Amino acid sequence: YQRSPAQRYVVQGASALQSPQRQVALAMLYLDAAVQTDPELPDARRWRANAALHIDRPTAEQLETARADFTRYVELEPDESEGHTGLALVLVRQGKVEAGIAAGMAISEKSTDDSVYFYNMACVYGRAIEQLESRSDAEAPEQKSQIEQLRSQGVAFLQKSIDNGLDDSNLDWMQRDPDLETVRQSPAFADLIEKTLGDDKDAPDQKVPAKP
């Protein structure tokens, strides 16, 4: 993989995506070139799909490309949780809530001590809530119950992530992460932050970590 001619494009794309300015458009240019150069390079697929998830309002076409990229990444690297949770995020944002959650849970037995896996699953649940709340039957009792169950599970995943060593940059970012907006509405989330960070919860912003 390191000898692939696409590797240099991956490095440039990842650098643009992780820069303080979060240069998503520039990252996509490099990562499109990476995939075109070597479609079987796992990191090319993973980083391009990752970049698509950082677009503020991705189009249906961009989400479908990200779905295909994560699907191929999972095929190439089936034991890497980031591919499964990335695919889950895309499916949920496409409105396929049940399929998305199933895609993320497919790697759960191999990720019992993976802090990033639990964080990303909380993000999957956050986006799932967003989808369910946008539906016409969102106020139906069974839907409201499901939404609250997902919200509680999202907080539980964040707790598991912290218990397994989530790093400080992610602890800060979870208070602003748009994927977790609906999870933060739970009173249990505020309790989690208070218990974990205490007086440090308003510390200066850390570098935003790339996901998934």
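Descriptive notes on the structure:
- Test: residue in region 158-178 that is closer than 16 Å to ARG93 by Cα and not in a loop (DSSP other than H, G, I, E, B): yes
- Listed conditions (1) open to solvent by 70 Å² or more (accessible area, probe 1.4 Å); (2) farther than 14 Å from ALA49 by Cβ; (3) more than 15 Å from the chain's Cα centre (by Cα); (4) at pLDDT 95 or above are all met by GLN153, apart from (1).
- Of all residues in region 47-76, those satisfying the criterion of being open to solvent by less than 40 Å² (accessible area, probe 1.4 Å) and either charged (D, E, K, R) or in contact with a strand residue (DSSP E or B) (Cβ under 9 Å, 6 or more places away or on another chain) (or both) are ARG48, ASP69.
- Residue match in region 27-38 (condition: at pLDDT below 95 and not aromatic (Phe, Trp, Tyr)): no
- Tally, over region 77-94, of residues that are surrounded by fewer than 14 Cβ atoms within 10 Å (Cβ to Cβ) and either touching a helix residue (DSSP H, G or I) at 6+ places or on another chain (Cβ under 8 Å) or closer than 21 Å to ARG22 by Cβ (or both): 1
- Complete set of residues in region 129-149 that are touching an Asp or Glu at 6+ places or on another chain (Cβ under 9 Å) and either farther than 24 Å from PRO178 by Cβ or of a type in the set (D, E, K, R) (or both): GLU130
- Residue in region 6-21 that is buried (at least 19 other Cβ atoms within 10 Å of the Cβ), in a helix (DSSP H, G or I) and in contact with a His (Cβ under 9 Å, 6 or more places away or on another chain) present: yes
- Of all residues in region 109-129, those that are closer than 14 Å to GLU82 by Cβ, among the hydroxyl-bearing types (Ser, Thr, Tyr) and open to solvent by 10 Å² or more (accessible area, probe 1.4 Å) total 1.
- If you go through region 103-129 and keep only what is free of Cβ contacts under 8 Å to residues at least 40 places away in the same chain and out of contact with any helix residue (DSSP H, G or I) (no Cβ under 6 Å at 6 or more places or on another chain), you end up with MET105, SER108, GLU109, LYS110, THR112.
- Of the set (1) open to solvent by 50 Å² or more (accessible area, probe 1.4 Å); (2) over 17 Å from the mean Cα position of the chain (by Cα); (3) under 24 Å from PHE189 (Cα atoms), all apply to LEU132 but (1).
The values are calculated or read from the model by the stated rules, or taken from the named source; none is laboratory data. What you see is a predicted model; the values in this text were computed from it and never measured. When we count neighbours, we look across all protein chains shown, and the Cβ atoms used for this are built from the backbone with ideal geometry, even at glycine. For accessibility, only protein heavy atoms count, side chains too; no ligands or nucleic acids. Shrake-Rupley method; radii C 1.70, N 1.55, O 1.52, S 1.80 Å.
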